[in-house]
Every structure is written in structure tokens, then in C-alpha cells.
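Shown next, in C-alpha cells, is the structure this report addresses.
Readers should treat all values here as calculations from the given coordinates under stated rules, not as data from a laboratory. Everything numeric in this text was worked out from a predicted model, so none of it was measured. All Cβ positions, glycine included, derive from the backbone under ideal geometry; neighbour counts span all protein chains shown.
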Amino acid sequence: MRISIDEATKLLNSGKVIGVPTETVYGLAASLQYPQAIQEIYKIKGRPANNPLIIHVSSFREVCSYLQENICDLDILARDFWPGPMTIVLPVKCKLIPSIARADLPTAAFRIPKHPLAVELLKLTGSLVMPSANLSGSPSSTQPEHVENDLGIDFPILDGGRCKRGLESTILIQADGKWKIVRQGALAPEHFVPTLGYKPSVQDDAKNGIPVCPGQMYRHYAPKAKLELVNSFENIEEGVIIGFSDRTYPKNCNLMTLGPLSNMDIVASNLYAVLRQLDLEGHPKAYVDMNFPKTGILATLAERFHKAAAAN
Ligand code: TXA
Ligand code: MG
């Protein structure tokens, strides 16, 4: 059910959960003032209780009001990347944030989104927790129809059209005075170089045991269809291919296109719609063309395909 910004504000301010557009993916929003509504988010998504949520706010001042201590270079990251697709994990004054939002951790993740409707809404409601608006483990939602497919046609959604970025925010944390990326996302490591003077490293969870980001432990982004990641189509004669519109593939194959590889922003914005389309059309399996440079946000795209393929 599509709702107006007034209805969205009323629902959130009375402890209800709704779908909200952001520039990355749709979020499933509840007010930070309503722990019961936050609890409802975990239930609706089928999300494990130890996987904390991102707190979305409308200003850097608000972020600072929750913090336990000053963090070096936080101000320059905020200046250059907020509002936008960057999330930062920070030590917080625990009494100001319900433990259910933090999954009992002494830290919380913060983001100031850029989508005009999200910005307007946050000014009317105050801080909102928002995980991606999908069933836990499934592809994220980048259109209101995706949220309806997962949560039902009657679920209240503030319709903000298609999400421009189509990949979740990049999550950063500071350790030993350096920033590192604990979830790859819509901003690539190279984007941070002019601000920080270095490229933040990407934490490889497989090598480091328990991930900093609890969400990284779980099944993610996965359609029901089985994905087979391939670098060449030489020995493939038929089947469904997730690939690029500026490439040719074996003629008996059915191409589900991400768009032209020459435009990685378009490709990124189509990822989740294509993964969802696979299931809507009932395909049991698809080959994914992985023969692309793993640079910029294409590295995030590759990571999403690896996670989605590992899950089934
Ligand atoms: O783009 C996005 O970030 C979207 C939109 C709606 O803003 N949100 C999103 O939320 O992707 P979600 O819940 O799907 O992913 C949040 C990730 C999870 O992997 C979670 O473990 C991590 O953030 N996270 C949240 N709080 C954390 C904390 N205190 N420490 C470490 N990781 C945290
Ligand atoms: Mg998610």
C-alpha cells in the first residue's frame, strides 16, 4: 500500500513499521523511540537477533549527540560523504540507544541518507532504524514492488521510485587509528582516498574469523535460483545468463541484462531487480558473467554475486 509522507510520519510516530526509500535500497523503518517497533522489524524480516540495525539520522550533530568519545577524522568523512551511502560504526552512550537496535553491542552504525523523501521524513520523525526492506537472506529491494513482493501488497510503503544507487551503503569502522571497510557497498575504497589520504582496507571476513559486522555471517542477497559464476561461456550452449548488454553470448541463451558494462552505475542499480526477476520467472538456475574488472563498485558487485551464489 503506497502511503503519503504525512501518513508515513503518523505511522512511525505511533510505533509502526513501514517501507522507506533511500538512495541505496529501500529500508524497513521504525522509530528509535519504539523498541517494540524495532522488535517487529526483526520478526517481519526473520532477522537473527544478534544482527544490529543501522540508525538513520538527518544531521551530523545528531550522530555526535549519541557518541561516547570523539573519533579522529569522523568530521571529514561526514563532510565529504554525508548525506550519502556511507555508514560508520561508532562507540555510543548505550543508554541513549535501545539495546535491541544495537544487538547489545557497545557500538552503533549511523548513516545520513540522501534520498529527498528519506531526508524529509527523518526531519519529521527523528532517528529511524532501517535494515534493508527484504526478507532476511533475500536480494534487497530497490523498487516499491520488491518490498510488496516480500512483505505483501498491504504493507505500507513510502513510494520514492527506483533507488538510484541500488547497492547498500559502504560500512566503515576505525581500528588502530585507521579506517577500514567492513561491508563493501555503493562507495568503493578509492572514493575515500582524497578525504583520508589512503585507501581503507577491506576486511576479508573469510580470513578473519568472526566478522566485525555481524550481518556478514549470514546468508545474503540470494535468489531461490542457483547461481553459477563463470568467466567464459565457451562451453555453455543454453540457459539463463546474467550479463551485460554490450557483450554477446551464445545464441541459444536467455540474457537477463544488468545493462552495459561501460556504465557501472547502471549495472549496480539493476543488480537486485535482475536477481528478483530470476525468481519471478521461475528459473531454477542462471550463469553469471564474472568476466569484468573487480575495480570501483564492480568489486562490490562481484562480492554480492559471490555471497548470493554461496548461499544455495
Ligand atoms: O544502504 C544501507 O545501508 C541500507 C539502507 C536501508 O540504509 N541498510 C542496510 O541495512 O543495508 P542492513 O540491516 O541490511 O545491513 C546493516 C549491516 C549489517 O551487516 C549489520 O551487521 C551491520 O550493518 N551493523 C549494524 N550495526 C553494527 C554495529 N554496531 N557493528 C557492526 N556492524 C553493524
Ligand atoms: Mg540487508
> What FRET efficiency do you get for Lys43 and Asn235 if R0 is 45 Å and r is their Cβ-Cβ distance, rounded to the nearest 0.05?
Replying inline: 0.50
>> For the chain, give me the percentage of DSSP beta bridges that are antiparallel, rounded to the nearest 5 percent.
In response: 45
> For region 27-97, which GluC sites (Glu not before Pro) are in a loop by DSSP, counting at most 12 other Cβ atoms within 10 Å?
Replying inline: Glu69
> How big is the charge dipole of the chain about its Cα centre, in debye rounded to the nearest 20, if each Lys and Arg gets +1 on its Cβ and each Asp and Glu gets -1 on its Cβ?
Replying inline: 560
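Taking 0.36 nm per residue of sequence separation and subtracting the Cα-Cα distance, how much length would be gained by fully extending the chain between Ser14 and Ile76, in nm to one decimal? Display every interim value, and only then the final one.
Working: separation 62, 0.36 × 62 = 22.32 nm, distance 3.56 nm.
18.8 nm is the gain from fully extending Ser14 to Ile76.
Relative contact order for the chain: what is it in percent, counting Cα pairs under 8 Å that are at least 6 residues apart? Don't skip to the end; give the middle numbers.
On the way: 662 pairs, mean separation 59.5, N = 312.
Relative CO of the chain lands at 19 percent.
Against the globular-protein guess of 2.2 N^0.38 Å, express the Cα radius of gyration of region 138-295 as a ratio, rounded to two decimals. Don't jump to the answer; show the numbers that get you there.
Numbers: Rg = 17.7 Å, N = 158, 2.2 N^0.38 = 15.1 Å.
In units of the globular-protein estimate, region 138-295 measures up at 1.18.
Tell me, in nm to one decimal, what length is gained between Ser245 and Ser59 on full extension, where the rule is 0.36 nm per residue of separation less the Cα-Cα distance? Each step should come with its number before you reach the end.
Numbers: separation 186, 0.36 × 186 = 66.96 nm, distance 3.97 nm.
Computed gain between Ser245 and Ser59 is 63.0 nm.
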> How big is region 1-158 by Rg and Dmax over its Cα atoms, in Å?
Replying inline: 14.7, 45
> Of the trypsin sites (Lys or Arg not before Pro) in region 166-267, which ones lie in a loop per DSSP and count no more than 10 other C-beta atoms within 10 Å?
Replying inline: Lys251
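May I ask you to list the GluC sites (Glu not before Pro) in region 181-275 that are in a DSSP loop and have at most 11 other Cβ atoms within 10 Å of their Cβ? If you can, show how the numbers build up before the last one.
Numbers: sites: Glu190, Glu228, Glu234, Glu237, Glu238; in loops: Glu234, Glu237, Glu238.
Passing sites in region 181-275 are Glu234, Glu237, Glu238.
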> Taking the chain as the region of interest, what is the percent of Cα-Cα pairs per 10 angstrom bin, listed from the shortest bin to the one with the maximum distance?
Replying inline: 6, 27, 35, 23, 8, 1, 0
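Mean Kyte-Doolittle of at least -1.0 plus a Cα span of 18 Å or more along the axis: flag which DSSP H helices in the chain meet both, please.
Those that pass (Cα extent of 18 Å or more, hydropathy at least -1.0) are 264-280, 297-310.
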> Mind checking the alpha-carbon convex hull of region 236-283 and giving the volume per residue in Å³?
Replying inline: 61
> Mind listing the Cα extents of region 248-312 along all three principal axes, in Å, largest one first?
Replying inline: 32, 29, 18
